[in-house]
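Novice: Take a look at this one; I'll ask things after.
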Amino acid sequence: MRVIALTKRILQQLIRDKRTLGLLIFAPILVLTMLHLVFNGDDYVPKVGLVEIPEAIIDQIDTTDAEVTIYTNENDAQQAVHSEEIDGYILLDDATTSAVFLEGSDPSVNSATLRWIQSAFSSLQQGESAAQFEIDYLYGSSDMGSFDYFGPVLLGFFVFFFVFIIAGVSFIRERTTGTLERLLSTPLRKWEIVTGYVLGFGIFTIIQSTIIAWYAIYVLNMMMVGAFIYVLLITLSLALTALTLGILISSFANNELQMIQFIPIVVIPQIFFSGLFNLETISDWLSWVGPFTPLYYAADALRDVMVRGHGFGEIFVNLIILFGFSLLFMLLNGLALRKYRKI
């Protein structure tokens, strides 16, 4: 009977906790739905340029499985690769395929592009197979592995994830111990309290982000073409965003368990839009979510620096957007504090 009574009490607690009950059901459904949409999405369609190829040969090429663009000179095709309009181009010399030039930053895209080239040009029976093409890369090389491409995304994700958790749980502890309530009873303004917490936690996140970035690049030998200072700047910007978001979300949680329950709703979905999976293969009605998530911009900036070797000019917009997210979350934090101030 005592076991039954204990079981009944636990069930009653779960039923009363509507948030926990809802997340137990809703969160797995959300994650499973996203996995379904990602892994059952369309196959990637390579974007290929054809440079100085006679129309007689173009007519023999099956272009149904690729987006083909015709270029009259190689300079235009190179510019298209630099701007990521195409994944690569083929240059023909004396009616034979002599060179393939790939953007190169994504091994999976490289493979899809080369597979299409093999299939399209093997039917021409020119006496030269795709395996004998001279292949050049704008970024990376044929030795570039999946970890080199996914590494920047994983680096950004782990920085975001752990800062989010630490900030949220720490802020909840400030509330449950009565520290926040005592601060709210002082003449301190809400924006001063928010700024103080952000700066206080921010010093720790600076140290954490620096150590994580340094370890990933110099110990795990993650691909690094650009300057480390830019990687550090991006991770710090992302950490600040995660910090302000974690404090904001903690305002809607009553304890550490409820804070952790927000992870499948707030953190996990961002993985699907960060570049870990190709957004072009995800359903159109879902892929628009990406630009509304901080990790989308951080992963893009990290990949620009670490894989493509870009500088500050290329990542500037992404940094501004990350700081914009942080500012927005800080403003919302100020509004959220109103419910804790006793009038």
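Novice: Quick check on my filter: what residues within the stretch 252-271 are crowded, with 18+ Cβ neighbours inside 10 Å and more than 20 Å from Ile25 (Cβ to Cβ)?
Specialist: Passing the criteria: Gln270, Ile271.
Novice: Here is a follow-up. Residue check, Gly226 against (1) under 21 Å from Ile271 (Cα atoms); (2) of a type outside the set (Ser, Thr, Tyr); (3) open to solvent by less than 40 Å² (accessible area, probe 1.4 Å), all met but one. Which one?
Specialist: Only one criterion is unmet by Gly226, namely (1).
Novice: Has the stretch 242-250 got any residue that is in contact with a helix residue (DSSP H, G or I) (Cβ under 6 Å, 6 or more places away or on another chain), in a helix (DSSP H, G or I) and modelled with pLDDT under 80?
Specialist: There is no residue in the stretch 242-250 that is in contact with a helix residue (DSSP H, G or I) (Cβ under 6 Å, 6 or more places away or on another chain), in a helix (DSSP H, G or I) and modelled with pLDDT under 80.
Novice: It is to be established whether one or more residues within the stretch 235-244 are touching a residue at least 24 places away in the same chain (Cβ under 8 Å), polar (S, T, N, Q) and over 19 Å from Leu335 (Cα atoms).
Specialist: Within the stretch 235-244, one or more residues are touching a residue at least 24 places away in the same chain (Cβ under 8 Å), polar (S, T, N, Q) and over 19 Å from Leu335 (Cα atoms).
Novice: Of all residues in the stretch 309-328, which are open to solvent by less than 30 Å² (accessible area, probe 1.4 Å) and either at pLDDT below 90 or part of a loop (DSSP other than H, G, I, E, B) (or both)?
Specialist: Scanning the stretch 309-328 gives a single hit, Gly311.
Novice: Just to verify a result, which residue in the stretch 171-196, among those that are part of a helix (DSSP H, G or I) and open to solvent by less than 30 Å² (accessible area, probe 1.4 Å), is modelled with the highest pLDDT?
Specialist: So the residue we want is Ile172.
The values are calculated or read from the model by the stated rules, or taken from the named source; none is laboratory data. As the structure is a prediction and not an experimental result, all values here were calculated from the model. Glycine gets a Cβ as well: all are built from the backbone with ideal geometry, and neighbour counts include every protein chain shown. For accessibility, only protein heavy atoms count, side chains too; no ligands or nucleic acids. Shrake-Rupley method; radii C 1.70, N 1.55, O 1.52, S 1.80 Å.
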